[in-house]
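Comments concern the structure below.
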Amino acid sequence: MPDRDDAVALLEQWVTNEGLRTHMYAVEAAVRYYAELRGGDPDLWGLAGLLHDLDWEKHPDEHPLEAVAHLRDLGYPEEVLQAILAHRSDFTGVEPESELDKVLVACDELSGLVYAACLVRPNGIDDLKPKSVTKKLKDKTFAAGVSREEVQRGIELIGLERSEHIQNVIAGLRRVASDLGIGAKD
Ligand SMILES: [Fe+2]
Ligand SMILES: [Fe+2]
């Protein structure tokens, strides 16, 4: 099975947009955190988070089918491919079924919102509380590209209280805060 270094090399080859790269690393961190909470394999789950938008920049009209075809050729595990397909079930028709599938949907858009919330705070993610994220969630003009419907769908899929889910995503992203540039500013 390809490892994280292989996946990072692939990501850097396919994705040039810094914002999209950061998004993929953020989702990876959140999904890995959930693997620990839900008895998943963090390395395996992490690959799905890291690569879920691999073809978004190169093949937006085929996203994520191109990526999945390529990853299949490279020998990525079926669970990873399934989760990547299911994060866009509206397009692929593949519904989220496994824990990993559901967690990926639940972390995708919400990671973007948490990330954006960190950028407008002096202490970034350091003292970020679910309550502030919820406020941003309700303010539709903030990070308007983040689909509120998808966030809600994710919360329903994983079956947690909204604040608990937000807290988990914050905890996951906190671990990679300096890589993502969302720690306290000097
Ligand atoms: Fe996507
Ligand atoms: Fe995404």
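Observations on the model:
- Ratio of the Cα radius of gyration of the chain to 2.2 N^0.38 Å, where N counts its residues: 0.96
- Filter on 102/138; 131/185; 135/185; 58/129 - keep pairs with C-alpha separation over 29 Å: 58/129
- Cα gyration tensor shape of the range 41-125, rounded if a/c is under 1.5, else prolate or oblate by comparing a/b with b/c: prolate
- Sum of side-chain charges, residue 59 neighbourhood, beta-carbon under 13 Å (Lys, Arg +1; Asp, Glu -1): -4
- The alpha-carbon of residue 140 sits under 14 angstrom from the alpha-carbons of these aspartates and glutamates, leaving out residues fewer than 8 places away in its chain: 109, 149, 150.
- Rounded FRET efficiency, nearest 0.05, which uses the C-beta distance separating residue 65 from residue 121 and R0 of 35 Å: 0.40
- Of the DSSP H helices in the chain, those that are both long (alpha-carbon extent of 27 Å or more along the helix axis) and hydrophobic (Kyte-Doolittle mean at least 1.0) are 99-119.
- Residues 118, 107 in ascending order of nearby Cβ atoms (within 10 Å, fewest first): 118, 107.
- Straightening the chain between residue 138 and residue 9 buys 42.8 nm, computed as 0.36 nm per residue apart minus the Cα-Cα spacing.
- Taking GluC sites (Glu not before Pro) across the range 95-173, the ones in a DSSP loop with at most 14 further Cβ atoms lying within 10 angstrom of their Cβ are 97, 161.
- Remark: spin-label model distance residue 57-residue 36 equals 2.9 nm, labels positioned 7 Å along the Cα→Cβ axis.
Read-outs: derived from the displayed coordinates by stated rules, not from any lab. The shown structure was predicted, so the numbers you read here are calculated from the model rather than taken from an experiment. Reconstructed Cβ throughout: ideal geometry from the backbone, glycine too, with neighbour counts over all protein chains shown.
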